[in-house]
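Notes follow the structure.
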Amino acid sequence: MAQDVLCEVANCVHNRDGMKCGASEIFVVSHRGKEANDSRETDCKTFEPEGL
């Protein structure tokens, strides 16, 4: 498993130290169901905007 999950979404509450995800777990989904052909067909459902 990855030791560090990098993220450039600055307004996510899980963003730590500018580029590291501090969430306890990561949930990524595919736009196409169970399979994706490339990263453009995926989304991080762990994202939560700051200030809510």
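The values are calculated or read from the model by the stated rules, or taken from the named source; none is laboratory data. What you see is a predicted model, and the numbers here were worked out from it, not measured in a lab. For neighbour counting, all protein chains shown are included, and Cβ atoms are generated from backbone atoms with ideal geometry for every residue, glycine included.
Say we look at region 7-38 and pick out the residues that are part of a loop (DSSP other than H, G, I, E, B), of a type in the set (A, V, I, L, M) and free of Cβ contacts under 8 Å to residues at least 24 places away in the same chain; which of these is surrounded by the most Cβ atoms within 10 Å (Cβ to Cβ)?
Here the residue is 23.
Being touching a strand residue (DSSP E or B) at 6+ places or on another chain (Cβ under 8 Å) and part of a loop (DSSP other than H, G, I, E, B) is the filter here; which residues of region 39-52 pass it?
Correct list: 45, 46, 47, 48, 50.
Test residue 41 against the criterion of being in contact with a Ser or Thr (Cβ under 9 Å, 6 or more places away or on another chain) and among the charged types (D, E, K, R), and give yes or no.
yes
Looking only at region 34-41, decide whether some residue is at pLDDT below 95 and within 12 Å of the chain's Cα centre (by Cα).
Yes, that holds for at least one residue.
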